[in-house]
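Read through the structure below, which is laid out as structure tokens, and then see the notes.
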């Protein structure tokens, strides 16, 4: 899953794709490098990110969605949003295929029904609080068990309203400390109990940069290392900024397990 942030303030690529031409060129590059799907978002979820209105979010993302669908046909498009109104508009404009919701439905009580009615896939991510407060919400009785229980409740609700295609995302970096992120990665296999594919997004995040004492722009090698570990622990989808390198991780891992 190639990440296309249409934001001025994302932690790694903020502002890079604000211009329509740049966004479309980047999308084309990701597709040519082997992206299976594109994840397009206009709301930065980095810690402390500004809360923008739905009007602003839609104004940012609408032209990009329409142009990508026009230029690149049937590539599966994921919309990275927690607002059901954005989902409905995106579906009408571009026929999106996936909703990637960082809140797992917590921020909009119409989200689950909207996803069910549209018949699209859903990425249910775990987090606590919101981007402004989540790093103060890192106390768990049992990290992995607590996250699994939270996601299990939401999966039951999603299935009850008729959502058939669901991925789960443990939410690396969202209401987790650096050590908790690594515990989560070490125990990723435990999420098999949910019987849903696991999406992992660790690309260039602080769990890499703080350990290696580097900038996000210098974290490609660390991202590749952790993406490979995630595959070995059962990840089904990698959400990445760097598609070519992630595809290489997948190819080498596949070769290893089929040797």
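The values are calculated or read from the model by the stated rules, or taken from the named source; none is laboratory data. A quick note: this is a predicted structure, and the numbers were derived from the prediction, not measured. Neighbour counts run over all protein chains shown; Cβ positions are idealised from the backbone, glycine included.
Answer yes if at least one residue in the range 191-205 is in contact (Cβ under 8 Å) with a residue 60 or more places away in the chain and more than 20 Å from residue 37 (Cα to Cα), and no otherwise. Taking every residue of the range 191-205 in turn, at least one turns out to be in contact (Cβ under 8 Å) with a residue 60 or more places away in the chain and more than 20 Å from residue 37 (Cα to Cα). Against the list (1) surrounded by fewer than 16 Cβ atoms within 10 Å (Cβ to Cβ); (2) part of a strand (DSSP E or B), the condition residue 40 fails is (1).
Only one of the numbered conditions (1) on the phi < 0 side of the Ramachandran plot; (2) touching a strand residue (DSSP E or B) at 6+ places or on another chain (Cβ under 9 Å); (3) assigned to a loop (DSSP other than H, G, I, E, B) is not met by residue 171, and that is (1). From the list 13, 9, the lone residue that is assigned to a loop (DSSP other than H, G, I, E, B) and either at pLDDT 75 or above or under 14 Å from residue 241 (Cβ atoms) (or both) is 13.
Among the residues in the range 19-30, are any over 14 Å from the mean Cα position of the chain (by Cα), outside any helix (DSSP H, G or I) and either over 17 Å from residue 57 (Cα atoms) or at pLDDT 90 or above (or both)? Within the range 19-30, none of the residues are over 14 Å from the mean Cα position of the chain (by Cα), outside any helix (DSSP H, G or I) and either over 17 Å from residue 57 (Cα atoms) or at pLDDT 90 or above (or both). Scan the range 59-75 for residues that are touching a helix residue (DSSP H, G or I) at 6+ places or on another chain (Cβ under 6 Å) and within 17 Å of residue 101 (Cβ to Cβ) and jot them down. Correct list: 65 only. For the range 191-229, a tally of residues being assigned to a loop (DSSP other than H, G, I, E, B), touching a strand residue (DSSP E or B) at 6+ places or on another chain (Cβ under 9 Å) and crowded, with 19+ Cβ neighbours inside 10 Å returns 5.
Sub-6 Å Cβ pairs linking a first residue in the range 107-126 that is under 15 Å from residue 79 (Cα atoms) to a second residue that is at pLDDT below 95, at least 6 apart or interchain, number zero. In the range 128-145, the qualifying residues are those that are in contact (Cβ under 8 Å) with a residue 12 or more places away in the chain and in a loop (DSSP other than H, G, I, E, B), and the one that is farthest from the chain's Cα centre (by Cα) is 140. Note on the range 55-85: residues that are surrounded by 20 or more Cβ atoms within 10 Å (Cβ to Cβ) and touching a strand residue (DSSP E or B) at 6+ places or on another chain (Cβ under 7 Å) total 10.
Of the residues making up the range 122-139, those that are within 16 Å of residue 164 (Cβ to Cβ) and either surrounded by fewer than 20 Cβ atoms within 10 Å (Cβ to Cβ) or touching a helix residue (DSSP H, G or I) at 6+ places or on another chain (Cβ under 6 Å) (or both) are 122, 124. Here residue 96 meets the list (1) over 22 Å from residue 205 (Cα atoms); (2) out of contact with any helix residue (DSSP H, G or I) (no Cβ under 6 Å at 6 or more places or on another chain); (3) buried (at least 21 other Cβ atoms within 10 Å of the Cβ) almost entirely, failing just condition (2).
Results for (1) in a loop (DSSP other than H, G, I, E, B); (2) out of contact with any strand residue (DSSP E or B) (no Cβ under 7 Å at 6 or more places or on another chain); (3) over 26 Å from residue 35 (Cβ atoms), shown as yes or no for each residue.
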position	(1), (2), (3)
147	no, yes, yes
154	no, no, yes
159	no, yes, yes
184	no, yes, no
249	no, yes, no
256	no, yes, no
